[in-house]
Structure formats: structure tokens, C-alpha cells
Amino acid sequence: MEKTKITLGEWLPDQPGVVGTLTQAENCIPVANGYQAVHSEANLSSAAADTLLTTFAGKFAGVSTLFAASSQKIYKYNGTTIALDPINTTGYTATESWDVTQFGSRVILANGKEKLQSFTLNVSSAFADLSADSPTAKYVSVVRDFVIAGNAANYENKLYWCDINDPTDWTPAATSQADTQVIPDGGDIMGLTGGEFGVVLLENAIYRMSYVGSPLFFQFDAISRSQGCLSAGSVTQYKNMTYFLAQDGFYVCDGQSVQSISSQKINKWFFDNAAVNDIDQMSSTVDPIRELIIWCFPSQAGGNMLLFFSVPLQRWSYAFTTAKAIAVTITPSVTLEALDNFSISIDALTISLDDRQWAGGSSIFSGVSGGRVITFSGANKEASIITGEIDIGRSVITLARPIVDMGSANVAVAARNLLSDDITFTDPVAADAEGRCSIRRAGRYIRVETIPTGADWKTAVGVEVDVVRQGAR
């Protein structure tokens, strides 16, 4: 009898299973030595009166303020009652999306229907027009000392920026650096990211926006005239890198060049699973704690799915979700008294008191579901990790020992003699008190499914199997 250790390597669904890479990495997140749990959705707020499109936050002078928005209303989170108090309820034209940025103490919103909206943190009671001359645009960001905005009705390829350090002045003049730029060769503007330089994503092109001072103020250089952005909701920024979905997969732009991060890895899987006709409903964000880029997209099977990309590992995984949209927000602090809004008993809380959700001012992966703001801080989702084909020769698998830190696993095995045979798994077998799964399956090629168990399991690393060689005739 031989023992074979099978490690849980990279998930590459676009590659054939016979090359040995994982064929499934569901409801888990890639880490250096395996996969960790994805936490389920947990309510942060009580329900608003209507369906939410997004949540966002601002922080100034040490105070965090959490907001949410529906198609026509804006809400502010009440940390005492956990209610979403409506602060803007009339006047907005129904919109399909909101874009947000922060400039100093101002949270600035764009929806493509009204002038840019502004809320001065710790001062304002509601959002209002940023200024009389601010543009009506779909997208907004900050480049150096300028608020920039793009894609206005009938001027979908036009970019606007305010005067230097003055987001209330958008009128070009001899004493103002406010101005506009039309980008003629890329189609509609689909998104903006900022920092020391701006990245302007259009349908068929990508431009870099660099500050050069008077008289031009900004210089626009084409990074790509052939690659563009397929979905505005796919655009997100981590550090100085811009991530987005193009017609043929996912890309990253560093302001100088554009590179694929998904070619030959998950492109086919994504377009086979995503509801492409609803791709404009995508949303995206960053989990800065785990260095993940995360996309939420509608699935062909119904509901939404999450796609995870680990920046340091360059590896992928996915999960199912009840969230309509995702975001990274800044948590408001919660007092011990306010915990009664989540549970009347501390022992009955489904979220650990050590979780970042309870610490004010912490960046946290969150989203919206129905009328609620949610976080991903609940119990572990049930993960399923399936290996590719492993050639063990003609043998019988007699035992499996899952290797799961702070937990165990149920294990199922599929075995076949020829690669043309059907792939059929045994029923999952739970590990006994000694961490062993009694499985008997004969064949030359095997696939192993690991389903981690235990409320606090941390990392699924692999599985060890006992192999008994069969004689040949």
C-alpha cells in the first residue's frame, strides 16, 4: 500500500482536467498553501424601503459615515438603530448605477442623470448639487488635485475636470484650470480611475491622463487603441493598478500598458457562466485585507456569483452570493448597546466580536442585498474543491485523509480507467474521529473532491490517499 499526497493547486477551468490543475474551486479563496473559506452574507443594516443598488462610505476627521443608494434615494446608516435613514428621497431621476469618490471632506456621487452630488462629511444633512456648473456625468474620480468626471448625455466620450483644488468650479476661464477633453476614437467612456495619473477606459480604447500644467493642464496618451472595457461595473482600482473586463477577458492596466490576467485560465469559464446580456449589472471591488480583486456578476443559472482574483498569487476562485452588488466600505463603530440590534444575546451572534465589522473606521468587503447593507462576515459557506485527473496507475483507493487546518472534510472520489470514460463521483464520505474517510474506488485516473467541514476551518491544503496497486494481465 502506498500513500499519495494530493495538494490543492491552481484552479484553471479553461485547461483540460488531465493536466492535473483544479477543475473546481467553489466558495473558497486562494491562499499560498491552499484555499480558505468564503464567509456568508450577514446583515449590517435593517431593510430600507426599496431595493438598494450600492453602498459606500466616507471618512473625515476620524469619523466614518456609511451610505447606501437605491435608484432614486440615498440613505445614511444609523449606528444606534442600524436603520438606513433616508436623506434624499425626491428629485432624483431613476438611475441604474452610482459612481462615488471622495475629495477632502466631500463625498461626490455621479449617476448620469443629475449634476454631480456632494455631501460634506460631518457637516451636511443630505446630498446636493456639487455646484451650479458641475457636469451631469456617469463616472467620477480624483486625479491629483482635480475631480474628474466623464460620460454625459450626448457627450459620452467627453471628460471634465474642475479647477485645481476647487471641486465647485467647473467653468473654463483665464484664472481657472477647469476644462474638458473629447476623446474621439474610443467610443463611450466606461470608467475612470485616479491617483497621480488618471486612466480613462472607453469601449474600444484606454487613455492615460497626466497633469502637465498651463496651458493644456492635462495630456492624454493612448495606452491601447484596440482594447477597451466591456462593463463599467467591472472597473476597480487597487493601489495604482486598474482592473477591468474586456471583450475577451479580464485585464490590468498600470498606466503604461495593458495585460491579461485571465487568458487560458478562466475566460471561457466566465463567459460560459455569466449572463452576458446582463453584464452591465456587474459590480467590482477590492478586499484590501486579503489583497483580492472581486467581481460580482449575474449568472446564467440565476442569481449572482463572485469571482476572486488574488493579486499576490495571481490565482482565481469563485463563490455564489445573494448580494446584488459589492463594494468596499468603511465601517461605523458599534457600541455594546447597539449589538442588541443584531442579537439579544452576545453568545448568539453569528459574527465574531473580533470581526472588523464591529471596529469603526475599518475597510471591509461588503455589499447590498435587497434593501440591506451586508458584509461577508457570517458562517463559512460550504466549499467544494475538485482536483484534476491524477494518474495513479491501475489501483484501488481505500482511504482518504483530508488535510484541513482547524477542521476536517468530506471526501468524494471519481475513478476511471480510460480518459474517455464518464466521470462519476462517490457520495461524499465524512471523516471519522481519526480524520479518515473510508472510500473504495478502483481505476487508473482519479479526481478527488474535498468539502471542508467545521465551523472554524481555516485552510484546505490537500488530501492524502491510500493506494493499493492492482495486478496487470
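The values are calculated or read from the model by the stated rules, or taken from the named source; none is laboratory data. These numbers were taken from a predicted model, which means no experiment stands behind them. Positions of Cβ are generated from backbone atoms using ideal geometry, with glycine treated the same way; all protein chains shown enter the neighbour counts. Calculation scope for accessible area: heavy atoms of the full protein, side chains included, ligands and nucleic acids excluded. Shrake-Rupley method; radii C 1.70, N 1.55, O 1.52, S 1.80 Å.
For region 334-353, indicate whether the set of residues that are open to solvent by less than 20 Å² (accessible area, probe 1.4 Å) and either at pLDDT 95 or above or among the basic types (Lys, Arg) (or both) is non-empty.
no
Does Gly454 meet the test of being farther than 16 Å from Glu26 by Cβ and open to solvent by less than 40 Å² (accessible area, probe 1.4 Å)? Before you say what the answer is, go through the steps one by one.
On the way: farther than 16 Å from Glu26 by Cβ: yes; open to solvent by less than 40 Å² (accessible area, probe 1.4 Å): no.
Here the answer is no, as Gly454 does not meet what is asked.
Do you know which of the residues in region 432-442 that are in a loop (DSSP other than H, G, I, E, B) and open to solvent by 30 Å² or more (accessible area, probe 1.4 Å) is nearest to Ile6 (Cα to Cα)?
Initial filter on region 432-442 (in a loop (DSSP other than H, G, I, E, B)): 432-436.
With the extra rule that they be open to solvent by 30 Å² or more (accessible area, probe 1.4 Å), the set shrinks to 432-434, 436.
On the way: Asp432: 20, Ala433: 21, Glu434: 19, Arg436: 15 Å.
Out of the qualifying residues, it is Arg436.
In region 205-232, which residue that is open to solvent by less than 20 Å² (accessible area, probe 1.4 Å) and outside any strand (DSSP E or B) is farthest from Lys158 (Cα to Cα)? Reasoning before the result, please.
The first filter runs over region 205-232 and keeps only residues open to solvent by less than 20 Å² (accessible area, probe 1.4 Å), leaving 205-207, 209, 213, 218, 224, 228-229, 231.
From what is left, the residues that are outside any strand (DSSP E or B) are 205, 228-229, 231.
Values: Ala205: 14, Gly228: 16, Cys229: 16, Ser231: 18 Å.
Of everything passing the filter in region 205-232, Ser231 is farthest from Lys158 (Cα to Cα).
If the Cβ limit is 6 Å and pairs must be 6+ apart or interchain, which residue in region 132-148 that is outside any loop (DSSP other than H, G, I, E, B) pairs with which residue that is buried (at least 24 other Cβ atoms within 10 Å of the Cβ) and among the aromatic types (Phe, Trp, Tyr)?
Every condition considered, the pairs that remain are Phe146/Trp161; Ile148/Trp161.
Residues of region 10-51 being modelled with pLDDT under 95 and among the charged types (D, E, K, R), which ones?
Hit for region 10-51 is Asp50, nothing else.
Name the residue that is surrounded by the fewest Cβ atoms within 10 Å (Cβ to Cβ), counting only residues in region 399-423 that are in contact with a Ser or Thr (Cβ under 8 Å, 6 or more places away or on another chain) and of a type in the set (S, T, N, Q).
That would be Asn410.
From the set of residues in region 159-195 that are of a type in the set (Asp, Glu) and out of contact with any Lys or Arg (no Cβ under 8 Å at 6 or more places or on another chain), which is nearest to Ser105 (Cα to Cα)? Walk me through how you get there before you give the answer.
Of the residues in region 159-195, the ones of a type in the set (Asp, Glu) are 163, 166, 169, 179, 185, 188.
Next, from what is left, pick out any that are out of contact with any Lys or Arg (no Cβ under 8 Å at 6 or more places or on another chain): 163, 166, 169, 179, 188.
Numbers: Asp163: 17, Asp166: 12, Asp169: 16, Asp179: 23, Asp188: 30 Å.
Among those that are of a type in the set (Asp, Glu) and out of contact with any Lys or Arg (no Cβ under 8 Å at 6 or more places or on another chain), it is Asp166.
Do we have any residue at all in region 46-53 that's closer than 25 Å to Phe271 by Cβ and open to solvent by 20 Å² or more (accessible area, probe 1.4 Å)? Break it down into steps so the answer makes sense when it comes.
In the first step, residues of region 46-53 are kept if they are closer than 25 Å to Phe271 by Cβ; the result is 53.
Then drop every residue that is not open to solvent by 20 Å² or more (accessible area, probe 1.4 Å), which leaves 53.
Yes: one or more hits.
Filter region 55-89 down to the residues that are assigned to a strand (DSSP E or B) and farther than 20 Å from Ser105 by Cα, then identify the one that is most open to solvent (accessible area, probe 1.4 Å). If you could, list the steps in order and put the result at the bottom.
From region 55-89, those assigned to a strand (DSSP E or B) are 55-60, 63-70, 74-77, 84-88; that's our starting set.
From what is left, the residues that are farther than 20 Å from Ser105 by Cα are 70, 84-86.
On the way: Ser70: 0, Leu84: 14, Asp85: 59, Pro86: 76 Å².
Of everything passing the filter in region 55-89, Pro86 is most open to solvent (accessible area, probe 1.4 Å).
Go through (1) open to solvent by 40 Å² or more (accessible area, probe 1.4 Å); (2) among the aliphatic types (A, V, I, L, M); (3) closer than 30 Å to Asp129 by Cβ one by one and return the number of the condition Val18 breaks.
Here Val18 clears every test but (3).
Here are some conditions: (1) outside any loop (DSSP other than H, G, I, E, B); (2) buried (at least 20 other Cβ atoms within 10 Å of the Cβ). Gln102 meets all but one. Which one does it not meet?
Unmet condition: (2).
Could you list, in sequence order, all residues of region 378-398 that are hydrophobic (A, V, I, L, M, F, W, C), closer than 27 Å to Phe365 by Cα and open to solvent by 10 Å² or more (accessible area, probe 1.4 Å)? Break it down into steps so the answer makes sense when it comes.
Of the residues in region 378-398, the ones hydrophobic (A, V, I, L, M, F, W, C) are 379, 383, 385-386, 390, 392, 396-397.
After this cut, where a residue has to be closer than 27 Å to Phe365 by Cα as well, the list is 379, 383, 385-386.
Those that are hydrophobic (A, V, I, L, M, F, W, C), closer than 27 Å to Phe365 by Cα and open to solvent by 10 Å² or more (accessible area, probe 1.4 Å): Ala379, Ile386.
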